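The values are calculated or read from the model by the stated rules, or taken from the named source; none is laboratory data. Keep in mind that this is a model prediction, so the values were computed, not measured. Positions of Cβ are backbone-derived with ideal geometry, glycine not excepted, and every protein chain shown enters the neighbour counts. Please note that ligands, DNA and RNA were not included when accessible areas were found on the heavy atoms of the full protein model with its side chains. Shrake-Rupley method; radii C 1.70, N 1.55, O 1.52, S 1.80 Å.
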Amino acid sequence: MATSSSSQLSKLVKSQYMELPQGEKVQAMYIWIDGTGEGLRCKTRTLDSEPKSIEDLPEWNFDGSSTYQSEGSNSDMYLIPSAMFRDPFRKDPNKLVLCEVLKYNRKPAETNHRVTCQKIMQMVEDQSPWFGMEQEYTILGTDGHPFGWPSNGFPGPQGPYYCGVGADKAYGRDIVEAHYRACLYAGVQICGTNAEVMPAQWEFQVGPCEGIEMGDHLWVARFILHRVCEDFGVVVSFDPKPIPGNWNGAGCHTNFSTKAMREDGGLKYIEESIERLGKRHSYHIRAYDPKGGLDNARRLTGHHETSNIHEFSAGVANRGASIRIPRAVGQEKKGYFEDRRPSANCDPYAVTQALIRTCLLNEEGDEPADY
Amino acid sequence: MATSSSADLSKAVKQQYMELPQGGTVQAMYIWIDGTGEGLRCKTRTLDAEPKTIEDLPEWNFDGSSTYQSEGSNSDMYLIPKAIFRDPFRKDPNKLILCEVLKYNRKPAETNLRQMCAKIMDKVENQHPWFGMEQEYTILGIDGHPFGWPSNGFPGPQGPYYCGVGADKAYGRDIVEAHYRACLYAGVDICGTNAEVMPAQWEFQVGPCEGIRMGDHLWMARFILHRVCEDFGVVVSFDPKPISGNWNGAGCHTNFSTKEMREEGGLKQIEEAIEKLSKRHQYHIRAYDPKGGLDNARRLTGRHETSNINEFSAGVANRGASIRIPRSVGQEKRGYFEDRRPSANCDPYAVTEALIRTCLLGEIGEEPEEYKQ
């Protein structure tokens with residue numbers, strides 16, 4: 001059976017319980033990124049009243065030795081609330097709270113890239129940097145095989161699935177629909193969805209988000225997707241190359257612009273940024289997946305609408321390039337550009353930060369500058 | 001199939017009946033601890049009006065020979081209402097009533113540890129002892145195998161499950177969500193939940209509760225969990241080591257503080273309390289599971305974030321110690337401490353009483369002291 005035992009539990013019984021009034025009490029689910037840099041964890045606490053803003057949410061802590069983040073002998077780590085959303089699973093007045101993780105000495109945990117990202121974003125606030133990220137993902141059964149694929153084989157080759165409709169083309173649309181609504185309810189800036197080239201592969205887009213919001217909204221959108229899939233009894237994978245061979249990988253194409261790029265004649269600034277990116281390819285590749293480029297190496301082959309991981313390239317309307325300038329932007333001479341290199345399992349705080357450092361802060365060389 | 005036949009009965013049909021108005025009558029479900037010291041029993045009576053306080057609830061009785069509590073020839077035992085909660089299954093105005101059990105001669109039943117606990121709590125009322133207990137538990141299918149585990153094998157090793165999300169990490173979240181809401185409705189002081197290290201293992205926390213309230217609220221939360229699991233067709237186990245080998249056990253870490261410990265400089269009182277606990281390890285181990293330590297012996301190995309049952313230890317932020325002082329408490333020099341020894345199937349009345357006796361009443365030695373009233 002491709003779906004989990006949990007999904008066989010009666011949802012009618014569950015809804016009867018979920019309809020019980022909770023008085024003034026509010027459930028706040030604290031969410032954080034674990035030691036892998038890609039995994040998400042969560043736990044809940046009861047509050048005596050509805051938090052109106054992030055300041056109403058207390059700091060908390062957790063056992064980092066159980067999340068690949070610390071040793072058992074000194075395992076307390078801190079959770080610092082950073083962004084609050086409505087909870088689409090428990091509904092109002094309950095909340096989802098995205099948190100930063102600090103070590104026992106209150107320094108940022110190794111996989112807490114939000115701290116430096118926020119510093120960097122503050123430095124360029126006046127340039128109004130906007131991002132839009134296109135999150136691709138694959139739905140798997142609990143057996144680890146892509147959902148809907150024949151259990152000991154493969155579907156027909158790619159071609160009919162991208163934006164497809166019909167039971168032989170679209171595998172798992174219920175998850176996509178549920179996720180979209182849940183994100184809209186929660187207040188996540190989800191701006192679209194489509195079926196992708198590989199069957200059981202989908203994409204949603206989050207944006208436009210300014211500054212630190214891009215990372216916050218994308219991480220919460222991912223959490224919501226994990227929870228929605230859990231409810232349906234399937235699993236979402238952000239692996240950049242889930243099936244080797246003639247099957248598409250999964251990326252997180254990142255669209256970027258500043259106020260100057262969006263205004264008349266902005267193409268000039270777009271081209272300057274691309275010029276700078278062209279000189280710093282390895283630094284970005286290292287920032288674009290949680291394993292310093294090793295994950296992306298399986299995906300960025302130069303085939304399947306990717307660029308080759310070893311080469312930097314840019315071009316108008318070119319999906320085989322590292323950077324693509326949309327045709328409309330080339331024509332109107334203003335707008336944004338698309339960095340197609342980030343992996344589906346990238347950390348958006350690391351990606352957006354790298355773009356600012358190279359394009360706006362004019363950094364060069366292999367290491368990020370220390371400000 | 002991992003779920004019970006009962007779970008397949010139509011819940012829509014059930015709902016149609018449950019929506020029938022009941023006029024002025026009220027259903028009161030009396031709940032008590034049976035002869036095992038861990039099992040819960042319940043039966044219901046109709047009342048003519050909604051009870052507003054515990055005094056409105058009459059005493060009752062039951063057949064103790066059917067609950068491992070008395071002989072057939074002299075089996076009547078008394079149920080004395082002690083704590084009243086809203087009923088999340090039958091909903092308002094119906095009630096859940098936690099009861100103490102008395103023998104035929106009106107002395108407390110062997111597993112009625114509440115009576116003595118209440119006396120001990122009265123003696124230290126002015127110190128405002130607060131407790132928070134972290135109840136771990138495992139969800140099993142009716143085949144006795146952990147819920148969601150492959151039927152003839154094991155899931156991948158521990159690591160990704162603690163606080164995890166996703167169908168491959170979190171097994172049975174529906175139960176946790178339903179239980180949380182049911183407890184909030186009932187008026188139980190539930191303050192949080194999280195997925196635990198072993199898959200199909202979860203934890204909820206009850207507190208802060210002052211004095212006798214801790215035991216009352218934890219027992220009621222356990223009853224509600226049993227009932228919720230019954231509705232879903234699965235089983236909850238409070239066994240401290242449900243799966244042997246490289247799988248975590250289940251505990252009931254108990255957090256404790258007094259008014260003084262919570263105030264400025266309270267760390268001094270915390271350290272004094274820990275010093276006293278260090279001299280009475282065996283007495284506490286005997287109080288911390290219903291079999292005088294035998295259950296916990298399977299769990300407290302020194303591995304899997306436990307201390308070894310034969311040794312007492314304490315440390316800041318140390319999850320391998322008997323007593324852990326949270327890091328923030330070490331820094332602010334006030335707060336509370338965590339006794340990590342109690343088993344998941346402990347009696348909270350016994351645990352909280354033991355902490356008071358040793359830390360606040362200065363008791364020493366292997367036996368609890370007998371106080372004259």
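Given the protein chains as shown and a 1.4 Å probe, how many square angstrom of A:S313 are accessible, to the nearest 10?
The value for A:S313 is about 40 Å².
Compute the relative contact order of the stretch A:24-111 as a whole-number percentage, counting only Cα pairs closer than 8 Å that sit 6 or more residues apart in sequence.
Relative contact order, the stretch A:24-111: 31 percent.
In whole Hz, with x marking every Gly and Pro, tabulate ³J(HN,Hα) for the stretch A:58-65 from phi via Karplus 6.51 cos²θ - 1.76 cosθ + 1.60, θ = phi - 60°.
These are the phi-based 3J(HN,Hα) values: x, 4, 9, 8, 8, 8, x, 6 Hz.
Count neighbours as other Cβ atoms within 10 Å of each site's Cβ, and list the GluC sites (Glu not before Pro) in the stretch A:39-97 that are DSSP loop with at most 13 such neighbours.
Here the GluC sites (Glu not before Pro) that fit, given the DSSP loop and packing criteria, are A:E59, A:E71.
List for the stretch B:1-46: residues with 40 Å² or greater reduction in accessible area, all protein chains versus chain alone, probe 1.4 Å?
B:K11, B:Q15
Packing-wise, with mean Cβ within 10 Å as the measure, how do B:345-358, A:18-31 rank, highest first?
For the peptides B:345-358, A:18-31, the packing ranking is B:345-358, A:18-31.
Using the Cα gyration tensor of the stretch B:258-373, with a ≥ b ≥ c the square roots of its eigenvalues, what is the shape: rounded (a/c below 1.5), prolate (a/b larger than b/c) or oblate (neither)?
Oblate shape, in that a/c is at least 1.5 and b/c is the bigger or equal ratio.
From other protein chains only, count the Cβ atoms within 10 Å of every residue's Cβ in B:327-339, then give the mean.
1
Please give me, ordered by residue number, the trypsin sites (Lys or Arg not before Pro) of the stretch A:50-123 that lie in loop per DSSP and have at most 12 other Cβ atoms within 10 Å.
Those that pass, being in a loop and sparsely packed, are A:K52, A:K91, A:R106.
Compute the relative contact order of chain A as a whole-number percentage, counting only Cα pairs closer than 8 Å that sit 6 or more residues apart in sequence.
Answer for chain A is 16 percent.
Can you list the HN-Hα couplings for the stretch A:31-39, worked out from phi with the Karplus curve (6.51, -1.76, 1.60; θ = phi - 60°), rounded to whole Hz and with x for Gly and Pro?
So the Karplus estimates, Gly and Pro as x, are 10, 8, 8, 8, x, 6, x, 10, x Hz.
At a 1.4 Å probe, what is the % contribution of carbon and sulfur to the accessible area of the protein assembly as shown?
Exposed carbon and sulfur together represent 49 percent of the surface.
Explain nothing, just compute: Karplus ³J(HN,Hα) = 6.51 cos²θ - 1.76 cosθ + 1.60, θ = phi - 60°, for every residue of the stretch B:213-223 in order, whole Hz, x for Gly and Pro.
4, 4, x, 4, 5, 6, 4, 5, 5, 5, 4
Which value, in Å² and to the nearest 10, is the accessible area of A:R340 when all protein chains are kept and the probe is 1.4 Å?
We get 10 Å² for A:R340.
Just the C-alpha atoms of the stretch B:121-360: what Rg/Rh do they give, with Rh taken as the Kirkwood radius?
Here Rg/Rh amounts to 0.96.
What does the average come to when, for each residue of peptide A:85-92, you count the partner chain Cβ atoms lying within 10 Å of its Cβ?
For this peptide, the per-residue mean of nearby foreign Cβ atoms is 1.
When ligands, DNA and RNA are left out and all protein chains stay put, how many square angstrom of accessible area per residue does the stretch B:23-111 have with a 1.4 Å probe?
Using a 1.4 Å probe on heavy atoms only, each residue of the stretch B:23-111 averages 49 Å².
Mind checking which lysines have their C-alpha under 19 Å from B:K291, skipping anything on the same chain fewer than 8 residues away?
B:K291 reaches B:K241.
For the stretch B:23-111, give the magnitude of the charge dipole about the Cα centre (Cβ charges: +1 Lys/Arg, -1 Asp/Glu; no others), in debye to the nearest 20.
Computed about the Cα centre, the dipole is about 180 debye.
Ordering B:M214, A:M84 by how much accessible area each has at a 1.4 Å probe, largest first, what is the list?
A:M84, B:M214
For the pairing of chain A with chain B, what total accessible surface becomes buried, with a 1.4 angstrom probe, in square angstrom to the nearest 100?
4300 Å²
Considering only protein heavy atoms, with the full assembly of protein chains and a 1.4 angstrom probe, order A:F223, A:F238, B:F312 by accessible area, largest first.
Putting A:F223, A:F238, B:F312 in descending order of accessible area: B:F312, A:F238, A:F223.
Considering amide H positions built from the backbone, and no H for Pro or chain starts, which residues 5 or more places from A:C191, or on another chain, come under 5 Å of its amide H?
The answer is A:Q205, A:V206, A:G207.
Could you work out the local net charge near B:P150, counting Lys and Arg as +1, Asp and Glu as -1, over the other residues with Cβ closer than 14 Å to its Cβ?
-3
From zero outward in steps of 5 Å, how is the percent of C-alpha pairs of the stretch B:169-212 spread across the bins?
5, 22, 28, 20, 14, 7, 3, 0
Counting partner chain Cβ atoms within 10 Å of every residue's Cβ in B:228-241, what's the average?
Mean partner-chain Cβ count within 10 Å for B:228-241: 2.
Can you work out the accessible area per residue across the stretch B:121-360, with the rest of the protein chains kept in place, probe 1.4 Å, in square angstrom?
With the other protein chains kept in place, the stretch B:121-360 gives 31 Å² per residue.
Is it possible to state the helix-based mean residue ellipticity at 222 nm for chain A, with each DSSP H run of 4+ residues giving -39500 (n - 2.57), the sum divided by total residues, to the nearest 500 deg cm²/dmol? What is it?
Calculated at 222 nm, the ellipticity per residue is -7500 deg cm²/dmol.
Mind checking the dipole of the protein assembly as shown: about its Cα centre, +1 per Lys or Arg Cβ, -1 per Asp or Glu Cβ, Debye to the nearest 20?
I would put it at about 380 debye.
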